[in-house]
1. In degrees between 0 and 90, to the nearest 10, how far off the longest principal axis of the chain does helix 24-35 point, with axes built from Cα atoms?
2. What is the percent carbon and sulfur in the accessible area of the range 131-275, measuring with a 1.4 Å probe over the protein chains and ignoring ligands?
3. Per residue and in cubic angstrom, what volume does the convex hull of the Cα atoms of the range 127-174 have?
4. FRET efficiency for D80 and T13, Cβ-Cβ distance as r, R0 = 30 Å, nearest 0.05?
5. Given a Förster radius of 45 Å and the C-beta distance between N293 and D87 as r, what FRET efficiency does 1/(1 + (r/R0)^6) yield to the nearest 0.05?
6. Order E71, E117, E265 by their accessible area, 1.4 angstrom probe, all chains in place, largest first.
7. What accessible area per residue comes out for the chain, rounded to a whole number of Å², with a 1.4 Å probe?
8. Among DSSP bridges having both ends in the chain, what percentage is antiparallel? Round to the nearest 5.
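The values are calculated or read from the model by the stated rules, or taken from the named source; none is laboratory data. Keep in mind that this is a model prediction, so the values were computed, not measured. All Cβ positions, even for glycine, are placed from backbone atoms using ideal geometry, and neighbour counts span all protein chains on display. In case anyone asks, the SASA skips ligands and DNA or RNA and just uses the protein heavy atoms, side chains included. Shrake-Rupley method; radii C 1.70, N 1.55, O 1.52, S 1.80 Å.
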Amino acid sequence: MIACNVETGDTVTIERVGVVGGGLMGSGIAEVSAKAGADVVMMEVNAEVAEKSLGRIDKSLARAVERGKLEEAEKAAILDRLNVTTDLGDMADRQLVVEAVTENEDLKKQIFTSLDEIVADDDAILASNTSSIPITRLAAATNRPDHVVGMHFFSPVPVMALMELVTTVMSDEGVEDRAQAFAEEIGKTVIRAQDRAGFVVNMLLVPYWLAAIRMYEAGIASKEDIDTGMKLGANHPMGPLELADFVGLDVTKFVADVLFDEYKEPLYASPPLLTRMVEAGLLGRKSGRGFYNYT
Ligand code: CAA
């Protein structure tokens, strides 16, 4: 099959893509890659979770068909280009592998060490979608640190137009350029950031969420008014508390902790309310309750 971008008709330069982790981010990355014409293998821990990831992609594509953005036949062709596996060994022939597992540094390092052994093409790009773990540490877990970059997508991946390309002191310029070209081919605008906690977007966005949580905790305004204020007063699609719920309060706290650890500035310190909510299992949309109730 000739790999071809459904929107532009261009051939994608990287035709075989692997995605490790089929959660919200991973399945989104797999979806947009397959949509652009790449052959995609997505890995999950077991068959049940892999089916769930495929179901999420099917639903997202069905939504695009319903809205008249995609033909039913194109949807079928995209799903045809998507395979799920529970074996990391199936990444052997990939030209680009994007790791998108949970934010656990040891797990990510293990995956990078294994991918280094598994992926046959010395020129393949190994990328991480991490929003907070230094790419340099993941690169150092391989014998090809020059081929490791960060490719940080935003949620929901099919909708959000940005990809942050994170380069390190070890990454090869040609590898960075190929990663950027691929992201552009799948429809993303690319900004580049050095390997510092938060990169560009989270370094600005997370302290804003934390400020909103502090404002709510101090009783300055209700959560609804804080969110409405930023939606109508600053034209943001979601208010900060709503958005923190959407991304996950555990993720929000994790990124805040990483930022605090790196810069030691109070503006990145997790407010006590956020810490308590995460300890209580109130993680936002995914747990059914965060600042708002979703049950
Ligand atoms: N898959 C595919 N398409 C989707 C989608 C999904 N999961 N979710 C929404 N869409 C599409 C819809 O089809 C619709 O498209 P059209 O209008 O062209 O038909 C469009 O997006 C808007 O969707 P809805 O009308 O259903 O809902 P909405 O207008 O309320 O928008 C939203 C939903 C796109 C999520 C919007 O609220 C938004 O942009 N929110 C902000 C998201 C954001 O800031 N994300 C970044 C989080 S930070 C992050 O990810 C980084 C990190 O490291 C923590």
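1. The answer is roughly 40 degrees.
2. Values: 3710 of 6300 Å².
With neighbouring chains kept in place, the figure for the range 131-275 is 59 percent.
3. Details: hull volume 3.6 nm³, N = 48.
Normalising the Cα hull of the range 127-174 by residue number yields 74 Å³.
4. Working: r = 21 Å, r/R0 = 0.69.
Efficiency computed from Cβ-Cβ geometry: 0.90.
5. Details: r = 40 Å, r/R0 = 0.88.
Working from the Cβ atoms, E equals 0.70.
6. Details: E71 125, E117 150, E265 85 Å².
In descending accessible area the options line up as E117, E71, E265.
7. Values: 13720 Å² over 295 residues.
Computed with neighbouring chains in place, this is 47 Å² per residue.
8. Working: 6 of 32 bridges.
For the chain, the DSSP antiparallel bridge percentage is about 20.
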